[in-house]
Amino acid sequence: MNWIYCVCVGQAGRMKPEAKLTGLFVPLVTPFTDDLRLAPDALARLADDALSVGGARGLVALGTTAEAATLTTEEKQAVVRICAAACQAHGAPLIVGVGTNDTAAAITTLRELAQSGDVAAALVPAPPYTRPGEAGTLAHFTALAEHGGLPLVVYDIPYRTSQRLSTSTLSTLGHLPEVVGVKYATGAIDAAAMELLGSQTPGFAVLGGDDAVISPLLAAGARGGILASANVRTADFTELISLWQRDAAGPARRLGAELARLSAALFAEPNPTVVKGVLHAQGRIPSPAVRLPLLAASADSVRRAAGLATARTHHAHQEAAA
């Protein structure tokens, strides 16, 4: 997949890959049947639709939205294979989630993904639960960068890892030749966020990861987003990013506010339960089923989100295009 190219020399003379991390990346759900088996045909359709109909820049496989923690090794391999085939067909990059607090195991997984030749980058959170502190987290990512063989997108999500990465830590990571971006999902647009967005390192892209506030993050300089909500109304999230990139602030603010309401409804219960409920209601996946410890979303939550999933009016499309 020829979407990464060298642009500058990094630490120790190593070349830093410039990943084209601009635009929308959709972290796909993993569709199941009613009896909780993987539904590969439905996943293939979702992957193709996101790229061909929704206009997404790329896909993310095995993220939190994919319920990766409950997939078997064989299922994970199947998910990556299906998503890679869709990305290859559309010339799009595939990012794969690698979430573990075992540095050695993460390196092994990264090397296996790198050997396939189908994966453009890995999305890796700060080590969850262990909470090694900033020095330990830096050592963790440095080891993955130097020995994993894949470009890395750091996943800063303290809501799940219980530790937030400081701007200085992210800046240090951004100067590692193999670290090409961050999925920024801190739950806040504060001074630290503005400092990060105002001093982006060449070859290190800031991607929004908090769905409900993606619009102001884009306005402040984020290059794109990795957004679970974009499993629904993918084309509108693609358009939102495009509007901000074109400095069409008025239409972007209005569309952003509308999609924020959708995101709030989709996250009313644990991700991806409501997303799956809506996709099933739309006939796009065979079942809303999720695996324990998740429980299926309530009918009320799905109904509210489904109502917003098709809410955009023809007038709004015309306004945004103007």
(message) Which of LEU51, LEU36, LEU110 ends up with the largest GNM mean-square fluctuation for the chain, with Cα atoms connected below 10 Å?
(response) LEU36
(message) Placing unit charges on C-beta atoms (Lys and Arg positive, Asp and Glu negative, everything else neutral), compute the dipole magnitude of segment 53-200 about its Cα centre in debye, rounded to 20.
(response) 140 debye
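How many percent of the accessible area of segment 27-126 is carbon or sulfur, using a 1.4 Å probe? Mind dumping the intermediate values first?
Working: 1900 of 3930 Å².
The nonpolar share, carbon plus sulfur, comes to 48 percent.
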(request) Please arrange THR137, THR167 by accessible surface area, largest first, computed with a 1.4 Å probe and ligands excluded. (result) THR167, THR137
(message) Quick check on the chain: helices-only [θ] at 222 nm, where DSSP H runs of length 4 and up contribute -39,500 (n - 2.57) each and the sum goes over total residues. Nearest 500, please.
(response) -13500 deg cm²/dmol
(message) Could you compute the net charge surrounding ALA122? Neighbours are other residues with a C-beta less than 15 Å from the C-beta of ALA122; K and R count +1, D and E count -1.
(response) -3
(message) If you roll a 1.4 angstrom probe over the protein chains with everything in place, what fraction of the accessible area of segment 171-285 belongs to carbon and sulfur, to the nearest %?
(response) 56 percent
(request) Evaluate segment 45-102: find the radius of gyration of its Cα atoms, find its Kirkwood radius, and give the ratio Rg to Rh. (result) 0.99
(request) Counting only C-alpha contacts under 8 Å and six or more residues apart, can you give the relative contact order of segment 60-171 as a whole percent? (result) 24 percent
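Sort 174-183, 112-121 by packing, meaning the average of other beta carbons within 10 Å per residue, with the highest value first.
Packing proxy ranking, top to bottom: 174-183, 112-121.
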(message) How much accessible area per residue does the chain have, counting only protein heavy atoms and a probe of 1.4 Å, in square angstrom?
(response) 41 Å²
(request) Among DSSP beta bridges lying fully in the chain, give the percent that are antiparallel, nearest 5. (result) 20 percent
(request) Please report, in debye to the nearest 20, how large the charge dipole of segment 14-103 is about its Cα centre when each Lys and Arg carries +1 at its beta carbon and each Asp and Glu carries -1 there. (result) 520 debye
(request) Pick out, from ASN101, ALA68, GLN88, the residue whose Cα sits farthest towards the positive end of the charge dipole of segment 47-104, with +1 on the Cβ of Lys and Arg and -1 on the Cβ of Asp and Glu. (result) GLN88
(message) If the elastic network links every pair of Cα atoms under 10 Å, which of THR72, THR234, THR186 fluctuates the most in the Gaussian network model of the chain?
(response) THR72
(message) Over the chain, with a Gaussian network built from C-alpha contacts below 10 Å, which listed residue (ALA61, ALA289, ALA122) shows the highest mean-square fluctuation?
(response) ALA289
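Note down the relative contact order for segment 181-301 as a percent, whole number, built from C-alpha pairs under 8 angstrom at least six residues apart.
Averaging sequence separation for qualifying contacts and normalising by length gives 19 percent for segment 181-301.
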(message) Restricting to Cα pairs below 8 Å that are 6+ residues apart, what does the relative contact order work out to for the chain? Please round to a whole percent.
(response) 19 percent
(request) Just report the Cα centroid separation between segment 31-96 and segment 169-187, whole Å. (result) 25 Å
(message) Using DSSP to call loops (not H, G, I, E or B), can you name the chymotrypsin sites (Phe, Trp or Tyr not before Pro) in segment 119-203 whose Cβ has at most 11 other Cβ atoms within 10 angstrom?
(response) TYR129
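The values are calculated or read from the model by the stated rules, or taken from the named source; none is laboratory data. Note that the structure is predicted; figures quoted are calculated from it, not measured. Cβ sites come from the backbone with ideal geometry, for glycine too, and all protein chains shown count toward neighbours. Heads up: the accessible areas ignore ligands, DNA and RNA and are worked out on the full protein's heavy atoms, side chains in. Shrake-Rupley method; radii C 1.70, N 1.55, O 1.52, S 1.80 Å.
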